[in-house]
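K.L.:
Dropping the structure in here first, questions after.
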Amino acid sequence: MSVPSVNWNYPTAIKAGPGRVKELPDCCRELGMARPLLVTDPGLAALPMIANAVKACGDAGLECAVFHDIKGNPTGRNVEDGVVAFKRGRHDGVIAFGGGSALDAAKAIALMAGQSRPLWDFEDIGDNYLRVNVAGMAPVVAVPTTAGTGSEVGRASVITDESAQIKRIIFHARMLPSIVILDAELTVGLPPKITAATGMDALSHNLEAYCSPFFHPMAAGIALEGMRLVKEYLPQAVADGSDLQARQQMLVASSMGATAFQRGLGAMHALAHPLGALYDAHHGLLNAILMPYVLKANQQAVAPRLEALARYLGLPQAGADAVLDWVLALRQTVGIPHTLAEIGLDDAQAERVGRMASEDPSAGTNPVNYTAEKYSQLFRAAIRGNL
């Protein structure tokens with residue numbers, strides 16, 4: 001089966017299909033860029049795909065430079081350094097190129113390029129977004145190289161405040177990239193472990209959005225189909241990284257998850273955010289490990305939805321238990337560890353994690369309102385493997 005090449009305009013302009021990255025210079029010009037700053041991570045910066053992108057821009061008459069001083073969990077300092085590079089190079093737009101970390105950092109750099117206030121003044125609390133000088137924001141073209149975060153269609157960036165050891169969500173509606181390129185060819189070199197972790201992250205977005213109590217039927221419908229795509233294509237993408245059909249469908253599932261989670265997330269992310277800040281662990285892997293423990297805790301509250309999900313996915317059995325069994329089987333198939341202890345976490349900071357999780361914005365749309373003590377218990381369960 002051939003992989004289709006299509007254009008969508010939901011939730012932004014999306015160019016989907018293998019080889020579409022060749023259109024990057026045209027996308028930049030469409031947004032009025034003459035001197036784009038390509039923001040990526042250190043691992044990608046040395047790969048041919050970045051050199052090729054820069055060359056393509058140069059051949060098209062664009063003066064493109066690269067900024068790659070970004071951590072796996074991007075920090076406020078990374079954003080500040082990126083803004084310095086943006087201004088020093090007199091850039092007029094941003095190419096967000098890479099995984100979730102690069103995309104989040106790039107969007108925050110584009111936001112901060114023309115602001116006079118500090119980054120944390122735009123944290124997603126109350127009406128802080130009204131402080132943004134919209135005219136000072138730089139345009140963004142997003143090119144994801146992993147299928148997980150869906151940050152390319154998000155209106156926010158998750159940035160670590162190192163001094164407070166907390167992840168903060170920076171939000172403005174116009175942080176949504178104006179053009180997105182979903183090119184499966186850019187993901188074929190992703191190792192199986194990263195493919196699995198990022199793919200499970202896409203599942204976590206779709207699953208938590210689907211289970212959110214917030215009324216948004218359109219988002220719920222997107223989340224359902226996003227989970228079906230993960231069920232069908234994630235094992236294929238992990239088993240054969242060169243499978244362009246599987247890779248393209250996972251990119252779509254990832255974007256669908258981030259589109260759906262305007263309905264809200266839940267306890268997986270409420271825990272993953274502080275764990276990422278405190279332990280500098282991979283966000284997608286944290287969500288993948290936490291998933292069955294949170295699903296089990298929420299199971300009674302979301303049983304009717306999980307029963308409908310089981311039917312939609314065509315699982316062998318009906319009911320909420322069937323979804324939990326599927327998640328456990330999928331994790332085993334793609335090689336996700338069963339416990340947080342297996343990736344080096346312990347419960348020495350369990351009370352602090354519980355308190356931070358209960359205060360995380362994602363906790364507000366979990367199907368059950370958990371206390372800090374309950375989040376501590378969930379954290380310990382995920383360390384010890386107690387389902």
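K.L.:
With a 1.4 Å probe and all protein chains left in place, how much accessible area per residue does segment 90-246 have, in Å²?
P.N.:
For segment 90-246, the per-residue accessible area is 34 Å².
K.L.:
On to the next question. If you work out percent of Cα pairs over 37 Å apart from the coordinates, which of [x] 22; [y] 16; [z] 45 do you get?
P.N.:
[y]
K.L.:
Listed highest first by mean packing, meaning other Cβ atoms within 10 Å per residue, what order do 308-315, 237-244 come in?
P.N.:
Numbers: 308-315: 15.9, 237-244: 18.4.
Highest mean packing first, the order is 237-244, 308-315.
K.L.:
Determine, for each peptide in 177-184, 279-286, the mean count of other beta carbons within 10 angstrom over its residues, then list the peptides with the highest first.
P.N.:
177-184, 279-286
K.L.:
Which trypsin sites (Lys or Arg not before Pro) in segment 1-106 pass both tests, a DSSP loop state and at most 14 other beta-carbon atoms within 10 Å?
P.N.:
Qualifying residues, ordered by number: ARG90.
K.L.:
Then there's this: Using a 7 Å offset from Cα along Cα-Cβ at ASN133, what residues in segment 93-124 end up with backbone N under 18 Å from the label point?
P.N.:
Answer for this model: 93-94, 108-123.
K.L.:
A further question follows. Rounded to the nearest 0.05, what FRET efficiency is calculated for ALA341 and ASP321 with R0 set to 35 Å and r the Cβ-Cβ distance?
P.N.:
Numbers: r = 25 Å, r/R0 = 0.72.
Given R0 = 35 Å and the Cβ-Cβ separation, E is 0.90.
K.L.:
Is segment 131-287 rounded, prolate or oblate when judged by the Cα gyration tensor, a ≥ b ≥ c being the square roots of its eigenvalues, rounded requiring a/c under 1.5 and prolate requiring a/b larger than b/c?
P.N.:
Rounded shape, in that the Cα axes give a/c under 1.5.
K.L.:
Fully extended, how many nm does the chain gain between VAL84 and VAL6 (0.36 nm per residue separation, minus their Cα-Cα distance)? The partial results should precede the final answer.
P.N.:
On the way: separation 78, 0.36 × 78 = 28.08 nm, distance 3.64 nm.
Additional length available on full extension: 24.4 nm.
K.L.:
Between segment 84-117 and segment 146-199, what's the alpha-carbon centroid distance in Å?
P.N.:
Computed from Cα coordinates, the inter-centre distance equals 14 Å.
K.L.:
Multiply the residue gap between ARG384 and GLN300 by 0.36 nm, knock off their C-alpha separation, and tell me the result in nm, one decimal place. All intermediate terms of the calculation are to be shown ahead of the outcome.
P.N.:
Numbers: separation 84, 0.36 × 84 = 30.24 nm, distance 2.23 nm.
Full-extension gain reported as 28.0 nm.
K.L.:
Right, something else. Fully extended, how many nm does the chain gain between ALA46 and TRP120 (0.36 nm per residue separation, minus their Cα-Cα distance)?
P.N.:
Extending this stretch completely gives an extra 23.5 nm.
K.L.:
Do any cysteines in the chain lack another Cys Cβ under 4.7 Å, and if so which?
P.N.:
By the Cβ distance rule, which asks for a partner under 4.7 Å, the isolated cysteines are CYS27, CYS28, CYS211.
K.L.:
So in the chain, what percent of DSSP beta bridges are antiparallel if you round to the nearest 5?
P.N.:
Around 35 percent antiparallel, to the nearest 5.
K.L.:
Could you pull out the pairs from LYS22/LYS55; LYS296/LYS374; LYS15/LYS87; LYS71/LYS167; LYS107/LYS167 whose alpha carbons sit more than 20 Å apart here?
P.N.:
Checking Cα-Cα distances, LYS15/LYS87 exceed 20 Å.
K.L.:
Work out the P(r) tail for segment 96-167: percent of alpha carbon pairs separated by more than 16 Å, whole number.
P.N.:
For segment 96-167, the fraction of Cα-Cα distances above 16 Å is 50 percent.
K.L.:
Here's a follow-up. Please compute the modelled spin-label separation between GLN245 and ARG174, points set 7 Å along Cα→Cβ, answer in nm with one decimal.
P.N.:
Simple spin-label model gives 4.3 nm for this pair.
K.L.:
Go ahead and estimate [θ] at 222 nm for the chain from helices alone: -39,500 (n - 2.57) per DSSP H run with n ≥ 4, summed, over the residue count, rounded to 500.
P.N.:
Helix contribution divided over all residues of the chain: -15500 deg cm²/dmol.
K.L.:
Looking only at segment 138-177, which residues have a backbone nitrogen under 12 Å from a spot 7 Å from the Cα of ALA60 in the C-beta direction?
P.N.:
141-142
The values are calculated or read from the model by the stated rules, or taken from the named source; none is laboratory data. These numbers come from a predicted model, not from an experiment. We place every Cβ from the backbone using ideal geometry, glycine too, and count neighbours over all the protein chains shown. Heavy atoms of the whole protein, side chains included, go into the accessibility calculation; ligands, DNA and RNA do not. Shrake-Rupley method; radii C 1.70, N 1.55, O 1.52, S 1.80 Å.
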